[in-house]
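A quick write-up on the structure given underneath.
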Amino acid sequence: MNPIAIAIHGGAGTILSALMTPEKEVMYRQALQEAVEVGHQILLQGKSSLEAVEAAVRNLEDCILFNAGRGSVFTHEGKHEMDAAIMYGATGMAGAVAGVRQVRNPITLAKTVMQHSEHVLLVGDGAEIFGRSLDLAFEPDSYFFDTARHEQWLAALKADQVVLDHSALPEATTDRKFG
Amino acid sequence: TVGAVAVDQFGNVAAATSTGGMTNKKFNRIGDSPIIGAGTYAHNATCAVSCTGHGEYFMRAVVAYDVACLIEYKGLSLAEACHYVVHDKLVKQGGEGGLIAINQLGDIVLSFNSEGMYRASKKNQEPTYVGIYK
């Protein structure tokens, strides 16, 4: 029987080592462990890699610590715009959404595009209308609010910078090491 | 940005990527995550890839598909292809970030060239690996 395996990654939204307290590090490690084991359990049950990657990413989207789904960062306008894509190596089929708001799990919307439309990529309110027509879960803006993200946003506004997941906060810029 | 790559007992691979984008982004800017071939790609004959980092560079370099092409057309291993793209091509263009990749054999590669990377993996019944590169 083919080996089963899964790997995950998470960008935390401008949290740098300077801001990573030991308590936070424990929280991140626990969240990563939980997500990878959710996906691994699905593989152990003999289900597909497609279901496993969706479940693992949903778990990370539901976790406020990561820049996706619930923990998404703020745009310039103070909103949350999310993107997601999924692809299955057995069939070459793929689904993706971009610039969507208030969708609880963008990765599930992307999979829905793949499985219930003839398209690959849907964007903006059209993608949201498609998701609502198939009864996917939507949440109010308050569901996506996080104080730490809001502070990062205010700092980025003040510095007039667009900031990556892992790059420095404008005022926290330190000499960066590269792996 | 978060992502996952997996291979199941049937030898099928899959990739998934999801992101909230960049803090303070304007003009409906979209990065590589939802672009098939740039931030997300999967093909049983080569690999499944999910990327995180400075999206503009990953889009221009079509990173996820580039890894698969190096395997398919140049015969590189998964590790060689990932290392070349992340530590050679991307770095030369100033692109920061990384990727996770897996193939049908269950080989896992967690490549990155900048800080702020969070990774975890689990193969068969081996212990779970969790790593944070600060």
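We did not get these values from a lab; they are worked out from the coordinates using the rules stated. Worth saying up front: this structure is predicted, and the values here are computed from it rather than measured. Because the Cβ atoms are built from the backbone with ideal geometry, glycine has one as well, and the counts that use them run over all protein chains shown.
Among B:G11, B:G39, B:G97, the largest mean-square fluctuation in a Gaussian network model of chain B (Cα springs under 10 Å) belongs to B:G11. Our estimate of slack between A:Y143 and A:Q45, defined as 0.36 nm per intervening residue step minus the Cα-Cα distance, is 32.1 nm. Taken over the alpha carbons of chain B as equal point scatterers, the Debye sum produces base-10 log I(q)/I(0) values at 0.19, 0.23 Å⁻¹ of -1.05, -1.49. The alpha-carbon of B:K89 sits under 26 angstrom from the alpha-carbons of these lysines, leaving out residues fewer than 8 places away in its chain: A:K177, B:K25, B:K74, B:K134. Backbone amide hydrogens, once placed in the peptide plane, bring B:M117 within less than 5 Å of B:Y133, excluding anything fewer than 5 places away on its chain.
GNM on chain A, C-alpha springs below 10 Å: top fluctuator among A:G46, A:G78, A:G99? Of A:G46, A:G78, A:G99, the most mobile in the Gaussian network model is A:G46. Largest mean-square fluctuation among A:A148, A:A90, A:A137, in a Gaussian network model of chain A whose springs join Cα atoms under 10 Å apart, belongs to A:A90.
Compactness of the protein assembly as shown is given as radius of gyration and Dmax, 17.5, 56 Å, from Cα positions.
For segment B:92-134, the alpha carbon convex hull comes to 65 Å³ per residue, rounded to a whole number. Label-to-label distance, B:Q125 versus B:A45, with points set 7 angstrom from Cα along the beta-carbon direction: 3.6 nm. Equivalent ellipsoid of chain A: semi-axes from √(5λ) of the C-alpha gyration tensor, largest first, are 29, 22, 14 Å. Straight Cα distances below 19 angstrom link B:K123 to the lysines A:K47, with same-chain residues fewer than 8 positions distant left out. For segment A:77-92, putting each phi into the Karplus relation 6.51 cos²θ - 1.76 cosθ + 1.60 with θ = phi - 60° gives couplings of 7, x, 10, 10, 10, 10, 10, 7, 8, 9, 8, 10, x, 6, 10, x Hz, in residue order, rounded to whole numbers and with x for Gly and Pro. Backbone geometry of segment B:61-73 corresponds, through the Karplus equation with coefficients 6.51, -1.76 and 1.60 at θ = phi - 60°, to 3J(HN,Hα) couplings of 8, 6, 4, 4, 6, 4, 4, 5, 5, 4, 6, 6, 9 Hz, x marking Gly and Pro.
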